[in-house]
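The values are calculated or read from the model by the stated rules, or taken from the named source; none is laboratory data. What you see is a predicted model; the values in this text were computed from it and never measured. Heads up, the Cβs are rebuilt from the backbone with ideal geometry, glycines too, and the neighbour counts pull from every protein chain shown. Side chains are part of the model used for accessible areas, which takes the heavy atoms of the whole protein and leaves out ligands, DNA and RNA. Shrake-Rupley method; radii C 1.70, N 1.55, O 1.52, S 1.80 Å.
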Amino acid sequence: MAHRYSARSRAIEPFHVMALLARANELQAAGHDVIHLEIGEPDFTTAAPIVAAGQAALAAGHTRYTAARGLPALREAIAGFYAERYRVRIDPERILITPGGSGALLLAASLLVDPGRHWLLADPGYPCNRHFLRLVEGCAQLVPVGPEERYQLTPQLVERHWDAASVGALVASPANPTGTLLHRDELAALSAAIKARGGHLVVDEIYHGLTYGVDAASVLEVDDEAFVLNSFSKYFGMTGWRLGWLVAPEPAVGELEKLAQNLYISAPSMAQHAALACFAPETLAILEERRAEFARRRDYLLPALRELGFGIAVEPEGAFYLYADISAFGGDAFAFCRHFIETEHVAFTPGVDFGRHQAGHHVRFAYTQSLPRLEEAVARIARGLQSWRPDAL
Ligand SMILES: Cc1ncc(COP(=O)(O)O)c(C=O)c1O
């Protein structure tokens, strides 16, 4: 008998890029050299001091649950990081350690979202956000954004899209897939617009640290009541360790702790012990060198793609993505991605994975490959454009 799975699960779309990736992997298994520009994680492995701390934690037997809120020493280290990087004092009691930024998102969604309530989200944006909302029976209200507002929500957009069922906004700075930031004054204005309507503001800051030429402001510098999610995945290069955190206003902490106990008991213990090494000067020096490498890659790939005719109207200031308009070449973005996998063995992500607004003629490139690989990718893309026939399918 066929199972009937929940409507909530069936409503969640898969990553469309996975179908392309399966084909890319097939080609790779057949011996082709595939260049992966679709992957949203740093190509560097975890920095040596963090790995060493993880190994020491295992050897010392730190293999059991921790408190649901996480190791006190790690929460204090994170509070110290806020004091140093952002000049804001955060009581460690307000920090919950979570399994990835994804775990923080799950906590925030579980705490704040009631069935049928609307949350404003930028489109394009990180697809899991609207799916998390769906899981808790909330409703993502996708707000189309473009280069005019640097792909971010603004107070004007909040004004236009807020309705009787709206209760909050979830934004990311730097954003995925566009790499754009909300600067301090913009965060303050957005926060004021949401507060004026009695709503909640959740800010995803998981690409903090990966900004080039500017430092990202935390919303906590301007709004002590915002919810902030962050992660050890991207800047700290620990994707596979599954570790992140949530900063919440003090009154919410007890309720969140209860949710954490029930949803996942605790974040991985050895990962938490390993992460204690993240804030040591020798580790930060390695991470800053990696940040400089990402900046070099962006500074190469951005003009190179523009030169080929890709439309990248706004210079991204952070993350490791370029979101490009392919209108100049014609055709649909999914077919365009498939063409480059088949003919040139270069993989990148179609816009449909990030929303609906103009998704059919956008693609995302992740510069999570070395400079020589990026140069090779650009040469192949230039060649592949010659054989691209938008109407061939
Ligand atoms: C904008 C954004 N938020 C959250 C996440 C979740 O990452 P993690 O659970 O590894 O912290 C990602 C991952 O790509 C992301 O791009």
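Here are a few things to note about the model shown:
Table: residues versus (1) free of Cβ contacts under 8 Å to residues at least 24 places away in the same chain; (2) of a type in the set (A, V, I, L, M); (3) open to solvent by less than 50 Å² (accessible area, probe 1.4 Å); (4) not in a helix (DSSP H, G or I).
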| residue | (1), (2), (3), (4) |
| --- | --- |
| F44 | no, no, no, yes |
| I50 | no, yes, yes, no |
| G54 | no, no, yes, no |
| E76 | yes, no, no, no |
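- Selection count, segment 198-241, where residues are touching a helix residue (DSSP H, G or I) at 6+ places or on another chain (Cβ under 6 Å), hydroxyl-bearing (S, T, Y) and near the ligand (Cβ under 9 Å from one of its atoms): 2
- Checklist (1) open to solvent by less than 10 Å² (accessible area, probe 1.4 Å); (2) within 15 Å of the ligand (Cβ to nearest atom); (3) part of a strand (DSSP E or B) applied to P174, failing item: (3)
- Which listed residue is in contact (Cβ under 8 Å) with a residue 12 or more places away in the chain, open to solvent by less than 30 Å² (accessible area, probe 1.4 Å) and part of a helix (DSSP H, G or I), from L201, L187, L182: L187
- Scope segment 255-266; condition at negative phi and either part of a loop (DSSP other than H, G, I, E, B) or within 12 Å of the ligand (Cβ to nearest atom) (or both); matching residues: Y264, S266
- Flag set for A377, criterion: over 26 Å from L121 (Cα atoms) and at pLDDT 95 or above.
- Odd one out for L153, checked against (1) in contact (Cβ under 8 Å) with a residue 60 or more places away in the chain; (2) of a type outside the set (V, I, T); (3) open to solvent by less than 40 Å² (accessible area, probe 1.4 Å); (4) in a loop (DSSP other than H, G, I, E, B): (1)
- Taking segment 88-127 as the range and being among the small types (G, A, S), farther than 18 Å from H200 by Cα and in a helix (DSSP H, G or I) as the test, the residues that pass are G100, G101, S102, G103.
- Here Q358 does not fit the description of being under 28 Å from the mean Cα position of the chain (by Cα) and farther than 16 Å from F310 by Cα.
- Of all residues in segment 315-330 being within 10 Å of H361 (Cβ to Cβ) and out of contact with any Lys or Arg (no Cβ under 8 Å at 6 or more places or on another chain), the one that is modelled with the lowest pLDDT: G330
- So P144, is it open to solvent by 50 Å² or more (accessible area, probe 1.4 Å), within 28 Å of F320 (Cβ to Cβ) and out of contact with any helix residue (DSSP H, G or I) (no Cβ under 7 Å at 6 or more places or on another chain): yes
- I97 fulfils the conditions (1) farther than 21 Å from E255 by Cα; (2) within 16 Å of the ligand (Cβ to nearest atom) except for a single criterion, (1).
- When R69, R89 are screened for being open to solvent by 80 Å² or more (accessible area, probe 1.4 Å) and either at pLDDT 95 or above or assigned by TED's automatic domain parsing to the domain that holds P177 (or both), only R89 passes.
- Total residues in segment 100-117, condition within 16 Å of the ligand (Cβ to nearest atom) and without any contact (Cβ under 8 Å) to a residue 60 or more places away in the chain: 1
- So A252, is it assigned to a helix (DSSP H, G or I) and crowded, with 22+ Cβ neighbours inside 10 Å: no
- When restricted to residues that are farther than 20 Å from G198 by Cβ, open to solvent by 30 Å² or more (accessible area, probe 1.4 Å) and touching a Ser or Thr at 6+ places or on another chain (Cβ under 8 Å), segment 103-131 contains 1.
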